[in-house]
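Trainee: Dumping the structure here so I can ask a few things about it.
What follows draws every value from the coordinates through simple rules; no lab data is involved. This structure is a prediction, so every number in the text was calculated from the model and none was measured. Cβ atoms come from the backbone with ideal geometry, glycine included; neighbour counts cover every protein chain shown.
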């Protein structure tokens, strides 16, 4: 910055002294102004880079937060599915126990199974209770219930095998042929 000045024995007039000082001040001011401008440009460039890096960091943080949220959602989904599968086996066993008369076809209906699994606990207990009540009404002997039993071995009586006989039987105007 400041140059080393040699002192001489020369005497300067006031105007010369002011001129020399003004010249040196102008030179130093020019250099400092140039340095200031260079530093301001570097500062602006660094500020721009900082803005870009800050934006990139914030975007990365948002992506990380979104990924963490998806991960948590995925884990919760796994836990839900695991609990659902566990509840499915437990509930189907209870339904089979309560209503042993139901066939495997009943349990193959996926929408029914999903509905059973999705039930709240108190609703499910009511459902099982209703199934027990319905099972108590089912015949235990494997015979046709009395209310729907028909006499004889065949549903169609002798002589009613023909279309006319079947029609007459269904229309209750069938008269059994006389034997003998």
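Trainee: Using Cα pairs under 8 angstrom and six or more residues apart, how large is the relative contact order of segment 16-140, in percent?
Mentor: Details: 28 pairs, mean separation 28.4, N = 125.
That works out to 23 percent.
Trainee: Follow-up. So for 101, 71, fewest C-beta neighbours within 10 Å to most, what's the order?
Mentor: Values: 101 13, 71 10.
Arranged by neighbour count, lowest to highest, 101, 71 become 71, 101.
Trainee: Starting with the highest mean, order 126-132, 12-18 by the number of other Cβ atoms within 10 Å, averaged over the residues of each peptide.
Mentor: 126-132, 12-18
Trainee: Tell me, what is the FRET efficiency for residue 64 and residue 107 to the nearest 0.05, using R0 = 41 angstrom and their Cβ-Cβ distance as r? It would help to have the intermediate numbers written out before the result.
Mentor: Working: r = 45 Å, r/R0 = 1.09.
About 0.35, to the nearest 0.05.
Trainee: Using a 7 Å offset from the Cα along the Cα-to-Cβ direction at both residue 38 and residue 114, what is the distance between the two label points in nm, to one decimal?
Mentor: Placing both labels 7 Å along Cα→Cβ, they lie 7.3 nm apart.
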